[in-house]
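Structure first, commentary second.
The values are calculated or read from the model by the stated rules, or taken from the named source; none is laboratory data. Owing to the predicted nature of the structure, the values given are computational and were not obtained by experimental measurement. All Cβ positions, even for glycine, are placed from backbone atoms using ideal geometry, and neighbour counts span all protein chains on display.
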Amino acid sequence: MTERTTADTLAKTLRDAIIRFSRRARQARPVGDLTFSQLSALTSLQLAGTLTPRELADVERVQPPTMTKIVGKLEERGLVARRRHPTDGRQVILEATDEGRAVYALHERARNEWLAGALDRLTPEEQETLATAAEILHRIARG
């Protein structure tokens, strides 16, 4: 087997594992009426602090009209608020409200509890391997 084939095989295996892991982690969220898209947008705002609607659409990789609908639903629930852009009066800034941050924290806690439980079932060696893998994945993600 060539070096390229090995890298290609590892890429496929790793991508498949990440996708399956991500799906399983999303299932660990509390049951509620937030869609995955709404939770993702709320998460992006929580991590960024504030974003314009266009920036949020770009981060979420959706078209602006789609993001308008998502933000509208989050606003209806009091999870996101709009305020004037500090330098451009034609734009608004979106940010998570206190309630939005609390909902985000609830979802984050549920995912972390699920993962901590799964990690507790692993051997110390497996946990160390995953700690190393996490460092490597962060390095890959940074480019």
*Look at region 18-59 and say how many of its residues are in a loop (DSSP other than H, G, I, E, B), closer than 16 Å to Arg111 by Cα and either in contact with a Pro (Cβ under 9 Å, 6 or more places away or on another chain) or not β-branched (Val, Ile, Thr) (or both).*
5
*Does Arg20 satisfy the condition of being within 28 Å of Ala116 (Cβ to Cβ), at pLDDT below 90, of a type outside the set (A, V, I, L, M) and under 17 Å from the mean Cα position of the chain (by Cα)?*
no
*With (1) within 26 Å of Ala11 (Cα to Cα); (2) modelled with pLDDT of 95 or more; (3) within 14 Å of the chain's Cα centre (by Cα) as the list, and Gln27 as the residue in question, which single condition is left unmet?*
(2)
_Near pairs, Cβ below 6 angstrom, 6+ apart or cross-chain, from region 49-68 (hydroxyl-bearing (Ser, Thr, Tyr)) to any residue that is surrounded by 16 or more Cβ atoms within 10 Å (Cβ to Cβ)_ = Thr50/Ile93; Thr50/Glu95
*When residues of region 91-123 are limited to those that are out of contact with any Leu (no Cβ under 9 Å at 6 or more places or on another chain) and of a type in the set (Val, Ile, Thr), the one farthest from Phe36 (Cα to Cα)*: Thr123
*Ser40 vs. criteria of a type in the set (Ser, Thr, Tyr) and crowded, with 16+ Cβ neighbours inside 10 Å*: yes
*Considering region 80-101 alone, what residues qualify as being assigned to a helix (DSSP H, G or I) and either modelled with pLDDT under 95 or exposed (fewer than 11 other Cβ atoms within 10 Å of the Cβ) (or both)?*
Asp98
*Could you tell me whether Ile19 is within 24 Å of Leu137 (Cβ to Cβ) and not basic (Lys, Arg)?*
yes
*State which residue is surrounded by the fewest Cβ atoms within 10 Å (Cβ to Cβ) when the search covers only region 59-73 and only residues that are more than 14 Å from Ile93 (Cα to Cα) and under 16 Å from the mean Cα position of the chain (by Cα).*
Arg61
*asked:* Looking only at region 60-69, how many residues end up being β-branched (Val, Ile, Thr) and in a helix (DSSP H, G or I)?
replied: 2
*Scanning for something among the hydrophobic types (A, V, I, L, M, F, W, C), touching a helix residue (DSSP H, G or I) at 6+ places or on another chain (Cβ under 9 Å), buried (at least 16 other Cβ atoms within 10 Å of the Cβ) and at pLDDT 95 or above, does region 110-128 turn up at least one residue?*
no
